[in-house]
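Report on the following structure.
The values are calculated or read from the model by the stated rules, or taken from the named source; none is laboratory data. This is a predicted model, so every value here is computed, not measured. Note that we place each Cβ from the backbone using ideal geometry, even for glycine, and neighbour counts take in every protein chain shown.
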Amino acid sequence: MKQLRTYYILFFLLFIARQGMSQQIGFDMPPDVHKVIIPFERYNNLMVIPVTINHSLTLKFILDTGVQYPILTEKMFGDYLNLNYTRNITIQGPGSADSIKAKVAQEITLSLPGGIDSGINQALLVLEEDYLKLRNNLGTDVFGVIGYDIFSRFIVEINYDENYLVLHEPKKFHAKRSYKRIPMKVVNTKPYVELTIMKNENEGRRMHLMVDSGASHAVLLDNPEDDSLIPKQNITSVIGRGLGGNIKGYLGRMTSIKMGKFEFEEPIASFPVSGDYGEAIKRGSRNGTIGGELLSRFNVAFDYFGGHLYLRKSKMYHQGFEHDMSGMNIAAYGEQLDELQVNHVRDDSPAYRAGIRAGDQIESINGYSLESLKFSDFSTLLRNKPGKKIVVKYVRDGEVQKTSFKLERYI
């Protein structure tokens, strides 16, 4: 399975500058309230929060530092709410498609738990089609993405250990002593930090990476034309999906990543093929991005106002970096998201050698179905440990079949 934690939600630099959407007014807390706690659900290192549109419909949105404007991915909800569409725009995003179409809805009100409200002058981007398939690839009903409108208004504290956010009024925020502070620069609504990436013991590079809470990978690096960053031991794969479709590239282990005083050994890095990644996107991300797989090893606070990222080790800090060891990518389907299907199988992987192919309908993995195991837990199961036996029961052309293989670490 193509590990779902590398199933990227890459939204940064979404708009061509000339599109010129109007400025939002911004969120406000209730009177005399200085902080609000919001629980979030976590799926493959992505944070999902409830957002209410026009005080009427509450949907799950991904909280994403890499997105400038709120996005509604399913147009039927916009039509149901009779949103005021003012114009059409073109969006650029990672993937094979050059551009996709969307509508701009104006005079929208967005609300968050705790009485946080945007007022009536919010803009919302509504995709013409559900290009991202978030609910299929996360296994839950997620229909939107929101980012800069929250991070530019509040200091956002994220507790990955307990799965909750704290939104602070900036003037009332005081960082805990346990936090370590590193410089962070916000450029074109996106936050950047400086890291040292070591390819091996002798080759290292200082890089400015965008902090992308809406991406589930550990680190994604723009690779020079001479391929000097890619480790010798790597695999080619569909490394994720963006607004423009699948993103092809390479996966490999770096020797280490150092961020401030924190250092991680043998992290897995993704290297997108430039043609699928898109030149505009690459310019927007500078050298690449760090995502939820690395970010969730901390409890963090984003301070866009002071230009700081606050870090404190989380329970996951010492956890090793692993990738899917089966070679198959699965997604949830059906109205109730209770069906599993194989989307892609990597050549010469354990699943491929066992006879599994794209399009197979999975009934169970090691006896578990979506009735007995959460969709996100299958990702953990399939990157558990090398040598673990995996038994798959599946349907092809109406015939029930059964096969097995052992997980292999190939990175």
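Please find, among L132, L124, the residue that is closer than 16 Å to D64 by Cβ and either modelled with pLDDT of 95 or more or assigned to a strand (DSSP E or B) (or both).
When all the criteria are applied, what remains is L124.
Here is a yes/no grid of residues against (1) of a type outside the set (F, W, Y); (2) not in a strand (DSSP E or B):
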site	(1), (2)
T289	yes, no
Y310	no, no
G320	yes, yes
A332	yes, no
Q341	yes, no
D348	yes, yes
A358	yes, yes
E371	yes, yes
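May I ask you to say which residue of D141, D161 is in contact (Cβ under 8 Å) with a residue 40 or more places away in the chain, in contact with a helix residue (DSSP H, G or I) (Cβ under 6 Å, 6 or more places away or on another chain) and either basic (K, R) or surrounded by fewer than 20 Cβ atoms within 10 Å (Cβ to Cβ) (or both)?
When all the criteria are applied, what remains is D141.
Counting only residues that are polar (S, T, N, Q) and at pLDDT 85 or above, how many does the stretch 244-266 have?
The total comes to 2.
Look at S270 and say whether it is within 26 Å of F378 (Cα to Cα), under 17 Å from the mean Cα position of the chain (by Cα), of a type in the set (S, T, N, Q) and at pLDDT 85 or above.
yes
Exactly one condition in (1) in a loop (DSSP other than H, G, I, E, B); (2) at pLDDT 95 or above; (3) not hydrophobic (A, V, I, L, M, F, W, C) is false for K393; which is it?
K393 satisfies all of (1) in a loop (DSSP other than H, G, I, E, B); (2) at pLDDT 95 or above; (3) not hydrophobic (A, V, I, L, M, F, W, C) except (1).
Among the residues of the stretch 367-380, is there at least one that is out of contact with any helix residue (DSSP H, G or I) (no Cβ under 9 Å at 6 or more places or on another chain) and in contact (Cβ under 8 Å) with a residue 60 or more places away in the chain?
yes
Run down G327, G367 and say which single residue is touching a Pro at 6+ places or on another chain (Cβ under 9 Å) and under 24 Å from R135 (Cα atoms).
Unique residue meeting the criteria: G327.
Does T140 qualify as being polar (S, T, N, Q), in a strand (DSSP E or B) and not assigned by TED's automatic domain parsing to the domain that holds F375?
No: the conditions fail for T140.
Which residues, counting only those in the stretch 167-200, are of a type in the set (V, I, T), within 20 Å of the chain's Cα centre (by Cα) and not in a loop (DSSP other than H, G, I, E, B)?
Within the stretch 167-200, V186, V187, V193 meet the criteria.
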